[in-house]
Amino acid sequence: MDETVIMMFDDDMVDYMVETNPEKYGPHVHINKYGKKRLYVQLLKALYGCMQSAMLWWKLLTSTLVEEGFVVNPYDPCVANKTMPDGKQCTVCWYVDDLKISHEKKEVVESLVEKIEERYGKMTVTRGPKHTYIGMDIEFMKKNGEVKILMKDYLTEAINDFTEDCSRRAVTPAANHLFRVNKNAKKLDEDDRKLLHSITANYYLYQGEPDRISRWPSLFSPQG
């Protein structure tokens, strides 16, 4: 943490905190003018869900990679590259704490995984040509050097949840009226609006993920 962050607990959360350590937190609980319990604490580490936590994690992870000789891509700050002694490039790309490491040789990937685990603890690691990565099923095709990216589970869920008729087939979703706004169209009710927002938000999230191709991929994220 590079600045002071104060967090407030109230009501039941105050009781939970006191139960974990009565001597530490109990003396600092007070009642406000509305009769509600309050407890103020100073964060010593980044807390998941806070606005700056993602940036603090990015700074920590990138510092580790830079120490290992990697250079962060100036166009995509969640990609780092390093030319290894064999002259081949090792690439690390990540989305929050889900990482993908790729290099031509297995031992290079394994060595980097070990170094990161030394810093952050044991990781959940998958190896080989097939991976499930933040909503995507990724398969690296060894014969032609291509990669196949599918989202079958997400698409099935979207089709099942969508209330409109999805039985028709279409070559492309890009119809002639795609960019025309019908100001007279009937607005969606609140439930349908939330459903449409959820489906499209997840679609764009997964579509925006990296689709890097490698000959020896390894993906991992912290356990728990």
Pro222 fails exactly one of (1) surrounded by 11 or more Cβ atoms within 10 Å (Cβ to Cβ); (2) of a type outside the set (Val, Ile, Thr); (3) modelled with pLDDT under 85; (4) over 20 Å from the mean Cα position of the chain (by Cα), namely (4)
Flagged in the range 1-15 as outside any strand (DSSP E or B) and either more than 30 Å from Leu60 (Cα to Cα) or open to solvent by less than 50 Å² (accessible area, probe 1.4 Å) (or both), in numbering order, are Val5, Asp11, Asp12, Val14, Asp15
The residue that is surrounded by the fewest Cβ atoms within 10 Å (Cβ to Cβ), considering only those in the range 74-89 that are among the charged types (D, E, K, R) and more than 18 Å from Lys59 (Cβ to Cβ), is Asp86
Out of (1) assigned to a helix (DSSP H, G or I); (2) modelled with pLDDT of 75 or more, the one Leu205 does not meet is (2)
If we keep only residues of the range 119-168 that are small (Gly, Ala, Ser) and either closer than 29 Å to Asp191 by Cα or part of a strand (DSSP E or B) (or both), then the residue most open to solvent (accessible area, probe 1.4 Å) is Ser167
Counting only residues in the range 32-64 that are over 27 Å from Asp76 (Cβ atoms) and in contact with an Asp or Glu (Cβ under 9 Å, 6 or more places away or on another chain), the one surrounded by the fewest Cβ atoms within 10 Å (Cβ to Cβ) is identified as Asn32
Being open to solvent by less than 80 Å² (accessible area, probe 1.4 Å), of a type in the set (A, V, I, L, M) and either under 29 Å from Phe140 (Cα atoms) or touching a Gly at 6+ places or on another chain (Cβ under 7 Å) (or both) narrows Val29, Val92 down to just Val92
When restricted to Val72, Val96, the only residue in contact with a helix residue (DSSP H, G or I) (Cβ under 8 Å, 6 or more places away or on another chain), among the β-branched types (Val, Ile, Thr) and touching a residue at least 24 places away in the same chain (Cβ under 8 Å) is Val96
Listed by first then second residue, the pairs whose first member lies in the range 50-66 and is under 17 Å from Glu118 (Cβ atoms), whose partner is surrounded by 16 or more Cβ atoms within 10 Å (Cβ to Cβ) and aromatic (Phe, Trp, Tyr), with beta carbons under 8 Å and at least 6 positions apart or on separate chains, are Leu61/Trp94
The lone condition Lys82 fails out of (1) in contact (Cβ under 8 Å) with a residue 40 or more places away in the chain; (2) of a type outside the set (A, V, I, L, M); (3) farther than 30 Å from Val5 by Cα is (1)
- Query: For the range 175-188, does any single residue satisfy the condition of being in contact with a helix residue (DSSP H, G or I) (Cβ under 8 Å, 6 or more places away or on another chain), under 30 Å from Thr126 (Cα atoms) and in a loop (DSSP other than H, G, I, E, B)?
  - Reply: no
Selection from the range 95-118 of residues assigned to a loop (DSSP other than H, G, I, E, B), open to solvent by 10 Å² or more (accessible area, probe 1.4 Å) and touching a Leu at 6+ places or on another chain (Cβ under 9 Å) yields Asp97
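The values are calculated or read from the model by the stated rules, or taken from the named source; none is laboratory data. All values derive from a computational prediction rather than experimental measurement. Cβ sites come from the backbone with ideal geometry, for glycine too, and all protein chains shown count toward neighbours. For accessibility, only protein heavy atoms count, side chains too; no ligands or nucleic acids. Shrake-Rupley method; radii C 1.70, N 1.55, O 1.52, S 1.80 Å.
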